[in-house]
Amino acid sequence: MLGIPNGGMHLAAEIARSIGAVLDVVVVRKLPLPLLPESGFGAVADDGTYILNEALVQRENVTTEQINEQVAMVTSQVRQRSILYRKNRPLLMVRGKTVLIVDDGLASGYTMLAAIESVKRRRASEVVVAVPVASTTALEKVQNSARVVLLAESAAARFTVADYYRHWHDVPDTDVLKILEDEQIRTR
């Protein structure tokens, strides 16, 4: 079981405990558009895998140089977050296993696609995605790469994951670290 920090970790921890799975993280971050950093044109995973939204790259005229700059910057951030969460632990061995990847929702789907590709490169036998909510467009993209378990789908023109939560807040790193610490105690 892999949770995407920060938002997917609480949900991933509950699922892991309920089914007796080992929990770890797959650190993934979006690639921000150069002039619109709240919008992403792809994502980078902790093993260096990255996925681009080619249509958006074309539409926004993102240059190869801008792509390379953003990939390098985000890869560095992902590496630092991975060190924070993992300490000296290597990536979870998933070769030949069914891997469940959990997040708090799918807006564009590119963060999840990078996580899926990362896990597939590590030779998981099957990848299953579990999210409470997804936009229709993200769901279609992700379903082409993995089996998806989903509670709610939305075709809303302006979809945000936060709109589907009664109480939404950014999950601090301290929560993620506590979840991972509790997991190490649980699986000893």
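Bear in mind these aren't lab numbers, they're just calculated from the coordinates by the rules spelled out. Small disclaimer: the values here were computed from a predicted structure and weren't measured. Please note: Cβ atoms are built from the backbone with ideal geometry, for glycine as well, and neighbour counts cover all protein chains shown.
Under 5 Å from the amide H of R147 lie the amide H atoms of V127, V129, each residue being 5 or more positions distant or on a separate chain, with H modelled from the backbone and absent for Pro and chain starts.
Ranking V149, A16, L31 by Cα position along the charge dipole of the chain, where only Lys, Arg, Asp and Glu carry charges on their C-beta atoms, puts A16 farthest toward the positive end. Only aspartates and glutamates eight or more places from K120 in sequence, or on another chain, were considered; those with a Cα closer than 20 Å are D24, D46, D47, D103, E140.
Pairs of Cα atoms in region 64-124 fall into 10 Å distance bins, from 0 up to the last occupied one, in shares of 18, 40, 37, 5 percent. Computed extension gain for R147 through R17, at 0.36 nm per residue and net of the alpha carbon distance, reaches 44.7 nm. Model label sites at Q80 and A55, defined 7 Å from Cα along the beta-carbon direction, differ in position by 3.3 nm.
Rounded to the nearest 500, what is the chain's calculated 222 nm mean residue ellipticity when only DSSP H runs of at least 4 contribute -39500 (n - 2.57) each, over all residues? Intermediate results must be reported in sequence, preceding the final value.
On the way: 6 runs with 74 residues, N = 188.
Dividing the helical sum by the residues of the chain leaves -12500 deg cm²/dmol.
Using all pairs of distinct alpha-carbon atoms, the Kirkwood hydrodynamic radius of region 2-186 works out to 16.7 angstrom.
The GNM of the chain, with springs linking C-alpha atoms under 10 angstrom apart, assigns the highest mean-square fluctuation among V102, V128, V28 to V128. For the peptides 72-81, 165-174, 45-54, the ranking by mean Cβ contacts within 10 Å, running from highest to lowest, is 45-54, 72-81, 165-174.
In terms of its alpha-carbon gyration tensor, region 121-181 comes out oblate; a/c meets the 1.5 threshold, while b/c is at least as large as a/b. Annotation: amide H-H contacts under 5 Å for T98 (H modelled 1.01 Å from N, sequence separation of 5 or more, or interchain): S125, E126.
Remind me, relative contact order of the chain in percent, using alpha carbon pairs under 8 angstrom and six or more residues apart? Present the calculation step by step, with values, prior to reporting the outcome.
Details: 315 pairs, mean separation 44.0, N = 188.
Computed over the chain, the figure is 23 percent.
Note on W168 and H10: the model spin-label points, each 7 Å out from Cα along the C-beta direction, lie 1.4 nm apart.
In percent, rounded to a whole number, the relative contact order of region 87-184 is 26, using alpha-carbon pairs under 8 Å and six or more apart.
Of the residues G109, G96, G42, which exhibits the maximal mean-square fluctuation in a Gaussian network model of the chain defined by a 10 Å Cα contact cut-off? Checking each option, the largest mean-square fluctuation is seen for G96.
With respect to the chain, whose longest principal axis is taken over its alpha-carbon atoms, helix 64-86 is tilted by about 10°.
Quick check: net charge around R122, other residues with Cβ under 9 Å of its Cβ, Lys/Arg +1 and Asp/Glu -1? Don't skip to the answer; put the middle values down first.
On the way: positive: R95, K120, R121, R123; negative: D47.
Result for the neighbourhood of R122: +3.
Magnitude of the charge dipole for region 2-186, about its Cα centre and with charges confined to Cβ atoms of Lys, Arg (+1) and Asp, Glu (-1), is about 600 debye.
So if R0 is 25 Å, what FRET efficiency would V71 and R95 give, r being the distance between their Cβ atoms, rounded to the nearest 0.05?
For R0 = 25 Å, the calculated efficiency reads 0.45.
Determine the shape class of region 90-135: with a ≥ b ≥ c the square roots of the Cα gyration tensor eigenvalues, call it rounded for a/c under 1.5, and otherwise prolate if a/b is greater than b/c, oblate otherwise. Here region 90-135 falls in the prolate category. To the nearest 10 degrees, how steeply does helix 110-121 sit against the main Cα axis of the chain, on a 0 to 90 scale? That helix lies at roughly 60 degrees to the long axis. Among A162, A114, A12, the largest mean-square fluctuation in a Gaussian network model of the chain (Cα springs under 10 Å) belongs to A162.
Taking a Cβ cut-off of under 13 Å around G48, the surrounding Lys, Arg, Asp and Glu residues balance to a net charge of +1, with basic ones at +1 and acidic ones at -1.
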